[in-house]
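Heads up, the thing below is written out as C-alpha cells.
The values are calculated or read from the model by the stated rules, or taken from the named source; none is laboratory data. Remember, predicted model here, so these are calculated numbers, not experimental data. Note: ideal-geometry Cβ built from the backbone for every residue, glycine included; neighbour counts use all protein chains shown.
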Amino acid sequence: MTSVLPLLLALPFLTAALIALHGRLSRSAGAWLAALAPLLGLVLLGSMTPAVLDGAVPRAGWPWLPQLGLDFSLRLDGLAWLFAGLVLGIGALVVLYAHYYLSAQDSTRRFYSCLLLFMGSMLGMVLSGNLLLLVVFWELTSISSFLLIGFWSHRRDAREGARMALVITAAGGLALLAGVLLIGRIVGSFDLDVVLASGELIRGHRLYPWILLLVLAGIFTKSAQFPFHFWLPHAMAAPTPVSAYLHSATMVKAGVFLLARLHPALAGSELFFYVVSGIGAVTLLVGAWNAIFQHDLKGLLAYSTISHLGLITLLFGLSTPMAVVAGVFHILNHATFKASLFMAAGIIDHETGTRDMRRLGGLRKLMPITSALAIVASLAMAGIPLLNGFLSKEMLFAEALATGGPQWMRAAVSGTALLAGILGVAYSLRFVHDTFFGKGPLDIDVAPHEPPRWMKLPVEILVVICLAVGIVPALTVAPVLRAGAQAILGPALPDYSLSIWHGFNLPLAMSAVGVAGGIALYFGLRRLTDLYAARNRPLGKQAFQRGMDALFGFAQRCTHALANGSLQRMLLALVLVAMVVAAAPHLAAPAWPAWPSPQPMPLLGWALWLVMLACALGGLFLYRQRLLAVIVMGGTGLMVALAFVFLSAPDLALTQLMVEMVTLALMLLGMNYLPAQSPPEHGRWRRRRDALIAIVAGAGLAALAYTMMTLPPDTVAGEMLRRSLPEAYGHNVVNVILVDFRGFDTFGEITVFGIAALVVHALLRRSRMAPEQIMPGPPIKLPVPADLAQIMFPLTLTVSIFLFLRGHNAPGGGFIAGLVLAVPLLIQYVIQGTASVESRFGFDYIRCIGTGLLVALLSGAASLLFGVPFLTSGHVVLDLPLVGELELASAMGFDTGVYLVVFGGVMLILSMMGTIKPSRTRNARHGEIDLQRRSAHTGEMH
C-alpha cells in the first residue's frame, strides 16, 4: 500500500509529460491517454479505500532536505481520500467533456498536458504529509491554473484573467509560506501529524495571531474570499472544461481544503471564529447578491461559487463539530452540482454560440435533455428538497441557530444564513428562467440542438449523483462524509444521521422562507427593475489594475534611476552596496581579526605577484585601447591560475585557465561590435572618486580573503577532507564538494547558467547592428590556424573525456571538461566564423542544456529510490579484464549533466555572439547575410 501513493501522485505528471512530448498524437488518442491517468488513479485509490474507511492512514515518504525539515512524505487520511476522489473523478469527466468541447483549432496536446499538470499539483497538495511540501504543490496549482486560464492566449481577457489569478494567489502563497515557517519554528517540525497534534502549543504562542492571519491570507486568496474574490469571475475567460474543474474540485477548493486540513491546529480561538466566520459571511452575501445581476451564464456561476465558498468558510469558522461536518458535506455537494452546471453552460455556449442570458431563452424546447439536466442541477444549487444541496443547507440553518455566544451573534449568523438562502434561490431561478423559459433565443446565428451523446454523459452522471445523495444520503454519501469529517475532528466527531426528513422544525421553516423569499425577490426585481439593463462594474478589477499600474510605474522609475543604460553607474551602485553590506557588521560590533605572522614568500611567488600587479595596472592605464586591455586582463587571469598552481590547487588552476580562455574569446567576439577605443572620460573628480572607491573596496576584499586564508585549520575544510573518501568515495575533495556535499547548490548554479545562456540567446537572436557600428574591411583568412583548430578538436575531446572520468579522484570534473571541449570550437568560431563552424558540426546547444539539466536531475533523484536524500552518492568497484579495478561513483551521472550544461551554455552564448545580424539597411557590398538561412543549432535565421 505504501508504494501505491507515489504511483497515484506520479500518474498525472507522467501522463502530462508523455502527451507533451508526443508530437503526433491524434485528438482521440490524446483524450484517451489523458483520461487514463485519473481512471487508473481511481483504481489505485479504490484499492486503499477499505483501509481508509476503517481509519487507517497509508503513508509513504523519503528524506528530501531533512536539514530544513522538508521530506517528500505522502499520507492518505479520510480528508485527503475524499479530495483525491473529487480531483480524479471529476477530472476524468472533464477530460471526456473537453474532447467534444474543444475546437479543431485548439491544441489538445497543450490543453491535456496543462490539465494533467493541474491535476497532479492538486493531488500532491492533498496527499502531502509535510507542510513545506504542501506549499510546493500549492504554488504548482497557481502556476498550472495560470496556464489553463490563459489557454486561449489570443484573447486579451484570458491573458488578463490569468495574470490576475496568478498575482493574487501567488501573493497569498507567499503569505502562506511565511505562516508555515512560523508554525515549523513553534512546533519544531513540518510533519503534518506533528503539527495537527500541536494545536494547543500553536494557539498559546505569542505568534499565533500572525500565523493565523498569514495562513488565512493564503486560504482566502486561493478560495476567492472577500476582498480577494474579484479574480475568480475574470478567470471565466478559460475554456469551460477548465472552469468546471477549477470551480468544483480544484484550485478554489484548495483554500477550503487547507482550512479543513489545519482546522485542528488553528481553530478554537475567538480570533479564528470572528475572522473566518466573518469573512465567510461577507463573501457568502456579496457573491450571492452579485450573482443575481450577471448576464453571462458562467459569470453567474462564478459569483455563486464565491458565495458557496463563503458558506463553507462560514461553517468552518463556526468550528462546532456539526458545523465542520456540514462544511465537508457541502464541499461534496457543491462539487457535483457546480461541475454539472458549468458543463451545461458550456454545452449551451457550444450549441448556441452565446452565454448571454439576454439572448437566450426557450431552450427547453430546443435542447430538452440539456435543459432538464441543468434545471435539476440548478435546483440542487438552490437547496430544493430531494437534492443534495438541500441537506447541507439544512445543516447550515441548524448550525446558525445553534451558534454560541451573545444573542446578537446568533441572530447575525442566522440572518446571514437565511438571506443567503433567499439570494441563492433568486440567482438559481434567474439561471433557469432566463435560459430555458420565456421568449427566445434571440439574435443567434445557429439553430440550437442537443450536443453529442458523450458530451452530455458527464453532466448526466453528476446530476444522478445529486439526486441519489438527496434521496438516499445514508446509502450513498454517509461513509464518504464520515471519513472526511473524522480526519478533521478525530474523537470529537459527533453522532449524526443523514436523512431527507427530520420533522417540522425551525431549519425546515427557514428553508421554506428561503425558497418563497427567493422566488419573490427574483420576480420582484424583474417587475421593479430592468435586470437586463444592470451594468456589472468590475470594481475589483479596476482596483487591481490601478495597483498594478502604480507598481509598474514605481518599478519603471526605479529602473530609470538605477539602470539607465550606464554600466558605470550600475557598477558603482553595485560596489557601493557591497561595501556597505560588508562593513555594516564590523561597524556594529568592531572586531579585528587576529592575523598570524605571514610566512616568507618564495621568489617565484614574488614574481607571480609582480606580473599580476603589472597586468592589473596595465589594464587600468590601457582601458581606452580595448584590444590591449583585454590582452592585459588575460595576463592577470593567467597569473591567478599560476598562483593556484603555486598554492597546490590544480582544480582551481584548471578552472581559472579554462574560464580565462572562454572569457577572452567572448570578449574578442564582443569587441567586433564595439569601437576600437573607448571614449574619453570627463571630469577629474570622477576619476579620483572611482580610484578611492576601488582602493577601499579592493583593500576590504583583500583583508577578507587574507582573513579566510589564515583561519585555523580546524574548519569546515578539514571536515570536508576527512569525509570526502569514506562518505563520497572520492579523493578529489573539490569535485566531491561540487557534486556531492554541495550538489544541490551546484544543481542550482548550472540551472542559473543554463537560463543565462537562454536569455543571451533570446536577446541576441534578433539583434541587429547599425551600419556605422560594423567594422569595415575583408574577413580574416588564416588557413593554417584554422586547420590546426580542426586538428585540435579530436585531441581536445580526448583530453576532455579524460578529465571528466578522473574528476572524482584527481583534478578534473564536468565543469572543467565542458570548458576544455569548448576551447577548440571557440577558436574556430573566432577564426572561421559561426556559419563555417556550424555547417560542419551538428550540435544543438539548446537541447544540450536541457539534456544536461534532465540528466543531473534524474541522477540526483535516483537516490530517492534507495531511501536516501536527493543527490546522495553511491559507489561500486568493477574488476574488468585488461583494465583492472574501475571505481565508479553515482555522482558521475550528476557530473555528466554539469558537463553538458557547461558545454552547451558556453557554446550557445558564443555562437549567438557570432550571429548578430547586420542592419537590413546595410549596403550589399559589405556582405549582406542571407536571412533565409537557418542555424541548425540555435534554430534561428542568420
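Counting only residues that are out of contact with any Ser or Thr (no Cβ under 6 Å at 6 or more places or on another chain) and part of a helix (DSSP H, G or I), region 711-767 holds 39 of them. Within region 149-181, the set of residues being hydrophobic (A, V, I, L, M, F, W, C) and closer than 15 Å to LEU133 by Cα comprises LEU174, LEU176, LEU177, ALA178, VAL180, LEU181. Is it true that ASP495 is without any contact (Cβ under 8 Å) to a residue 24 or more places away in the chain, loosely packed, with under 10 Cβ neighbours inside 10 Å and closer than 30 Å to PHE431 by Cβ? No. Contact map, region 19-38: residues that are touching a residue at least 60 places away in the same chain (Cβ under 8 Å) paired with residues that are of a type in the set (Ser, Thr, Tyr), Cβ distance under 6 Å, separation 6+ or inter-chain. Pairs shown: ILE19/TYR112; ILE19/SER113; ALA20/SER113; ARG27/THR108; GLY30/THR108; GLY30/TYR112; ALA34/TYR112; ALA37/THR15.
Could you pull out the residue among PRO50, PRO6 that is assigned to a helix (DSSP H, G or I), closer than 27 Å to LEU489 by Cβ and either modelled with pLDDT of 90 or more or of a type outside the set (Ser, Thr, Tyr) (or both)?
Just a single option satisfies the conditions, and that option is PRO50.
Pairs meeting the criteria (first residue in region 744-755 and surrounded by fewer than 16 Cβ atoms within 10 Å (Cβ to Cβ), second residue of a type in the set (Phe, Trp, Tyr), beta carbons under 7 Å, at least 6 apart or on different chains) are PHE744/PHE870.
Only one of the listed residues (LEU871, LEU888, LEU864) is buried (at least 16 other Cβ atoms within 10 Å of the Cβ), modelled with pLDDT under 80 and not in a helix (DSSP H, G or I). That residue is LEU871. Of all residues in region 387-411, those that are under 22 Å from ILE292 (Cβ atoms) and either part of a helix (DSSP H, G or I) or of a type in the set (Ser, Thr, Tyr) (or both) total 7. Conditions: (1) closer than 28 Å to LEU871 by Cβ; (2) surrounded by fewer than 23 Cβ atoms within 10 Å (Cβ to Cβ); (3) more than 18 Å from the chain's Cα centre (by Cα). TYR101 meets all but one. Number of the miss? Here TYR101 meets the rest and fails (1).
Being at pLDDT below 75, surrounded by fewer than 23 Cβ atoms within 10 Å (Cβ to Cβ) and out of contact with any Pro (no Cβ under 8 Å at 6 or more places or on another chain) is the requirement here; does ARG840 meet it? So ARG840 passes the test.
When ALA468 is tested against (1) in a loop (DSSP other than H, G, I, E, B); (2) surrounded by 14 or more Cβ atoms within 10 Å (Cβ to Cβ), only condition (1) is not met. Could you please let me know if VAL640 is assigned to a helix (DSSP H, G or I), of a type in the set (A, V, I, L, M), over 39 Å from the mean Cα position of the chain (by Cα) and crowded, with 16+ Cβ neighbours inside 10 Å? Here the answer is yes, as VAL640 does meet what is asked. Looking at region 568-603, which of its residues are out of contact with any Phe, Trp or Tyr (no Cβ under 8 Å at 6 or more places or on another chain) and over 20 Å from VAL696 (Cα atoms)? Listed by number, the residues that qualify are ALA594, PRO596, SER597, PRO598, GLN599, PRO600, PRO602, LEU603.
Suppose we filter GLY23, GLY41, GLY78, GLY85 for residues that are surrounded by fewer than 14 Cβ atoms within 10 Å (Cβ to Cβ) and either of a type outside the set (Asp, Glu) or at pLDDT below 95 (or both); which single one remains? Full working, then the answer.
On the way: GLY41 fails: surrounded by fewer than 14 Cβ atoms within 10 Å (Cβ to Cβ); GLY78 fails: surrounded by fewer than 14 Cβ atoms within 10 Å (Cβ to Cβ); GLY85 fails: surrounded by fewer than 14 Cβ atoms within 10 Å (Cβ to Cβ).
Selected residue: GLY23, the only one of GLY23, GLY41, GLY78, GLY85 that is surrounded by fewer than 14 Cβ atoms within 10 Å (Cβ to Cβ) and either of a type outside the set (Asp, Glu) or at pLDDT below 95 (or both).
Every condition in (1) assigned to a helix (DSSP H, G or I); (2) under 41 Å from the mean Cα position of the chain (by Cα) is met by LEU613 except one, and the failing one is (2). Would you say ALA224 is assigned to a loop (DSSP other than H, G, I, E, B) and either of a type in the set (A, V, I, L, M) or in contact with a Ser or Thr (Cβ under 9 Å, 6 or more places away or on another chain) (or both)? Yes, satisfied. Restricting ALA516, ALA520, ALA485, ALA509 to residues that are small (Gly, Ala, Ser), on the phi < 0 side of the Ramachandran plot and under 41 Å from the mean Cα position of the chain (by Cα) narrows the list to ALA485. The set of residues in region 79-120 that are outside any loop (DSSP other than H, G, I, E, B) and among the charged types (D, E, K, R) comprises ARG109, ARG110. The residue list LYS365, LYS338 contains one member that is among the charged types (D, E, K, R), at negative phi, buried (at least 24 other Cβ atoms within 10 Å of the Cβ) and part of a helix (DSSP H, G or I), which is LYS338. Hey, does region 774-790 have a residue that's at pLDDT below 75, touching a strand residue (DSSP E or B) at 6+ places or on another chain (Cβ under 8 Å) and farther than 22 Å from ALA810 by Cα? Yes, some residue in region 774-790 is at pLDDT below 75, touching a strand residue (DSSP E or B) at 6+ places or on another chain (Cβ under 8 Å) and farther than 22 Å from ALA810 by Cα.
Helices (runs of 4 or more DSSP H) fully within region 256-331 that include at least 1 residues being more than 23 Å from VAL194 (Cβ to Cβ): 270-292, 297-318.
Selection of region 344-362 for residues being under 24 Å from HIS334 (Cα atoms) and either touching a strand residue (DSSP E or B) at 6+ places or on another chain (Cβ under 8 Å) or surrounded by fewer than 23 Cβ atoms within 10 Å (Cβ to Cβ) (or both) yields ASP349, HIS350, ARG355, ASP356, MET357. Against the test of being in a helix (DSSP H, G or I), modelled with pLDDT of 95 or more and not assigned by TED's automatic domain parsing to the domain that holds LEU341, the options LEU148, LEU123 yield a single qualifying residue, LEU123.
Among the residues making up region 402-419, those that are under 22 Å from PRO321 (Cα atoms) and at pLDDT 90 or above are ALA411, ALA412, VAL413, SER414, GLY415, THR416, ALA417, LEU418.
Regarding ALA249, is this residue over 21 Å from the mean Cα position of the chain (by Cα), among the aliphatic types (A, V, I, L, M) and either buried (at least 24 other Cβ atoms within 10 Å of the Cβ) or over 19 Å from ALA339 (Cβ atoms) (or both)?
no
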